[in-house]
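Visitor: Got a structure here, written out as structure tokens. Questions coming.
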Amino acid sequence: MLTKKATARAHPNIAFIKYWGNKNNDLRLPVNGSISMNLAGLETITTVMFGDEILEDRLMLNGEQQTVEQTRRVSRHLDHVRHLANVDLRALVISQNNFPTGTGIASSASAFAALTAAACSALDVHPDEAGLSALARLGSGSACRSVPGGYTEWYAGVDHQTSYAASIAPAGHWDLIDLVTIVNKEHKAVGSTDGHQLADTSPLQAARIADTPRRLDLCRAAILQKDFEPLAAIIEEDTLMMHSILMTSSPPLLYWLPATIRVMQAVQSWRAGGIPAAFTIDAGPNVHVISTTGWKDKLVGLLNELEGIQDILPTTVGGPAQIINEHLIP
Ligand code: DP6
């Protein structure tokens, strides 16, 4: 009996400059670069166990055996790693999120970052960080940004090797927080993978792509200089641009709920009153309220006074994806 196993941990990330649309859907080569921050406090821990007695890939997610259909995306991803290792072993994948699925937190980023790191380690494939990030990208685009630590930038690139993320500042660089403000726990009707394919149907997408270098430069500079005001301005603008694409795609995707807009407006008025707070929203109705650690309790209190808030998950800046074999799930 031959078994090779490893366990990895990765954090989800929140994009400040968003990835929306691919120039190559199979390789997940994005039309624009993006910048994000890893979220400490939220994590996926994944054990991958390859064995010659395992007849087909199996996936246990949060203690529940997944169907063949649900396992397919994971299985296809493992094929890339098997190919690099030149083996044909099937695997048992055991994955756990410490955040509830369906809370609007993109679990695919932490899931594919942890899966890639664990599968590579188990099969003794050791790409450098850029190579690991590029590999994770094949499973889910945003996963490439959860491989390096802290604040990361995904370079769009022109082919598989050149499309990866790297850290632009470590987690300890700036004590930002993300108060993930849940206004709806339901699963969204259209997932990101399908959404990316609609991006080009919006006549506004070309303008958004052309303008991306400006937004990336402003966001990167604000992070490096730890300057909250310009960061707030550019991340809110980027969110509104991406949602303009969503709303004008065909079919259109309108994710905002009344409580979404309530939080957006409250955040802007708190900022006008001197509190460092800014919103960013992925392809869903929940709002990520970005601030700094010292303002956490004040902002949680203010958010809880708003109508329609179901939950608030406070997070700080997270490190890179890591192998943690001491946590090996038996
Ligand atoms: C709106 O990375 O989830 O969160 O590559 O199909 O897995 P796939 O898409 P995914 O898209 C994320 C879109 C976003 C913006 C972002 O995280 O940059």
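Visitor: Once you have the Cα-Cα distance between Thr67 and Val87, take 0.36 nm times their residue separation minus that, and quote the gain in nm to one decimal.
Guide: Extra length available between Thr67 and Val87 comes to 4.8 nm.
Visitor: Now for a separate question. Grab the Cα-Cα distance for Thr293 and Glu307, subtract it from 0.36 nm times how many residues apart they are, and report the gain in nm with one decimal.
Guide: 2.6 nm
Visitor: From the P(r) of the chain, can you give the percent of Cα pairs sitting at distances over 28 Å?
Guide: Of all Cα-Cα pairs in the chain, 38 percent lie more than 28 Å apart.
Visitor: Mind checking the angle between helix 205-224 and the chain's longest principal axis? C-alpha axes, 0 to 90 degrees, to the nearest 10.
Guide: So the helix axis and the longest Cα principal axis differ by about 90 degrees.
Visitor: Taking the Cα centre of the chain as the origin and placing charges on Cβ (Lys, Arg +1; Asp, Glu -1), which of Gly63, Leu39, Leu84 is farthest toward the positive end of the dipole?
Guide: Farthest towards the positive end: Leu39.
Visitor: Still on this model: What angle do you read, to the nearest 10 degrees and between 0 and 90, between the alpha-carbon axis of helix 107-122 and the longest principal axis of the chain?
Guide: 30
Visitor: Only sites in a loop by DSSP and with at most 10 other Cβ atoms within 10 Å count here; which chymotrypsin sites (Phe, Trp or Tyr not before Pro) in the range 143-174 make the cut?
Guide: none
Visitor: Between helix 129-139 and the chain, what is the angle of the helix's C-alpha long axis to the longest principal axis, kept within 0 to 90° and rounded to the nearest 10?
Guide: Helix 129-139 sits at roughly 90 degrees to that axis.
Visitor: Sticking with this structure for a sec: Consider a paramagnetic label point 7 Å from the Cα of Thr3 along Cα→Cβ; state which residues of the range 73-109 have an amide N under 17 Å from it.
Guide: The answer is 89-95.
Visitor: Under a 1.4 Å probe, what is the accessible area of the range 173-317 per residue, stated in Å²?
Guide: Solvent-accessible surface per residue comes out at 44 Å².
Visitor: For the range 3-170, what is the relative contact order in percent, using Cα pairs closer than 8 Å and at least 6 residues apart in sequence?
Guide: Computed value for the range 3-170: 29 percent relative contact order.
Visitor: Towards the positive end of the charge dipole of the range 160-243, with charges on Cβ (+1 Lys, Arg; -1 Asp, Glu), say which of Thr193, Met241, Leu231 has the farthest Cα.
Guide: Towards the positive end, the residue furthest out is Thr193.
Visitor: For the pair Glu186 and His126, how long in nm is the line joining their label points, each one 7 Å along Cα→Cβ?
Guide: Those two pseudo-labels are separated by 5.0 nm.
Visitor: At a 1.4 Å probe radius, carbon and sulfur cover how many percent of the accessible area of the range 3-170?
Guide: That fraction is 49 percent.
Visitor: Now, a different point. Determine, from the Cβ-Cβ distance of Ala166 and Ser250 and an R0 of 45 Å, the FRET efficiency 1/(1 + (r/R0)^6), rounded to the nearest 0.05.
Guide: For Ala166 and Ser250, the calculated efficiency is 0.80.
Visitor: A further question follows. Just how large is the dipole of the chain about the Cα centre, in debye to the nearest 20, putting +1 at every Lys and Arg Cβ and -1 at every Asp and Glu Cβ?
Guide: Around 180 debye, computed over the chain.
The values are calculated or read from the model by the stated rules, or taken from the named source; none is laboratory data. For clarity, every value in this text was computed on a predicted model and none was experimentally measured. Cβ coordinates were reconstructed from backbone atoms using ideal geometry, including for glycine residues, and neighbour counts include every protein chain displayed. Accessible surface is based on the protein model in full, side chains and every heavy atom, while ligands, DNA and RNA are left aside. Shrake-Rupley method; radii C 1.70, N 1.55, O 1.52, S 1.80 Å.
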